[in-house]
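The values are calculated or read from the model by the stated rules, or taken from the named source; none is laboratory data. Just so you know, these numbers come straight off a predicted model, no measurement behind them. Cβ sites come from the backbone with ideal geometry, for glycine too, and all protein chains shown count toward neighbours. Please note that ligands, DNA and RNA were not included when accessible areas were found on the heavy atoms of the full protein model with its side chains. Shrake-Rupley method; radii C 1.70, N 1.55, O 1.52, S 1.80 Å.
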Amino acid sequence: VVGDTVAAWLGQKCYYFAKSVNERIIIPTNPIFDTKHLSIQLWVKPNDVSSPFENSLLCKEYQYIVRLFSGELFFAVETIDPAIWFWVNTGVRVNENEWVNFYFKYNAISFDVYKNGVFAVSIPHNKGELVSGTGSLQLGNREFFPGSSNGFKGSLQDVRIYNRALTPEEVKINY
């Protein structure tokens, strides 16, 4: 953990990021986070959605990124063919100072997003499987850009990463 402060939320714990330089949680490289298909579910409470900078929520460098950009949710993956980053603006808006639950699913044909347990959008693509990533899993910022303004300002809670797609029923139960 680099420069974090812990805040209470409904009697539980969450991580609060003040958007200072290099503030992030780093989880060392582990094969469990290296998956060809991906599902991510997390609670987010942004303090500032107006920033035109990246606001990285979750990142496994060289494989996938979830971020806010000017109040909209973006998702990126690095795929096998071609081996480039594929960025998607989900069009899903986020409000300041409100807790919201997101579920993202990436497979070889689509990005799917749920907001607060309700299906929001499916974005078809033909990008294929994810590359095998060697980077660490990071919450709140990206170490790839040290000293930059990629940091998230707000709180994250209950971050879950799956190596399979959840059913719509499982998404609702986890919400």
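Here are some residues: Glu169, Glu98, Glu143. Which one is at pLDDT 85 or above and in a loop (DSSP other than H, G, I, E, B)?
Glu98
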Inset, instruction - Could you grab the pairs with beta carbons closer than 8 Å, sequence gap of 6+ or different chains, first residue in region 113-137 and under 10 Å from Thr79 (Cα atoms), second one among the small types (Gly, Ala, Ser) and surrounded by fewer than 16 Cβ atoms within 10 Å (Cβ to Cβ)? - result: Lys127/Ala108; Gly128/Ala108; Glu129/Ala108; Val131/Ala83
Inset, instruction - Considering every residue within region 109-127, establish whether at least one is closer than 21 Å to Pro31 by Cβ and surrounded by 14 or more Cβ atoms within 10 Å (Cβ to Cβ). - result: no
Inset, instruction - Of the numbered conditions (1) modelled with pLDDT of 85 or more; (2) open to solvent by 20 Å² or more (accessible area, probe 1.4 Å), Thr29 fails exactly one; give the number of that condition. - result: (1)
Inset, instruction - Using the structure shown, decide if Phe104 is farther than 21 Å from Tyr16 by Cα and assigned to a strand (DSSP E or B). - result: yes
Inset, instruction - Quickly run through region 50-88 and pick out the residues that are open to solvent by 10 Å² or more (accessible area, probe 1.4 Å), modelled with pLDDT of 85 or more, farther than 17 Å from Leu137 by Cβ and in contact with a Leu (Cβ under 8 Å, 6 or more places away or on another chain). - result: Phe74
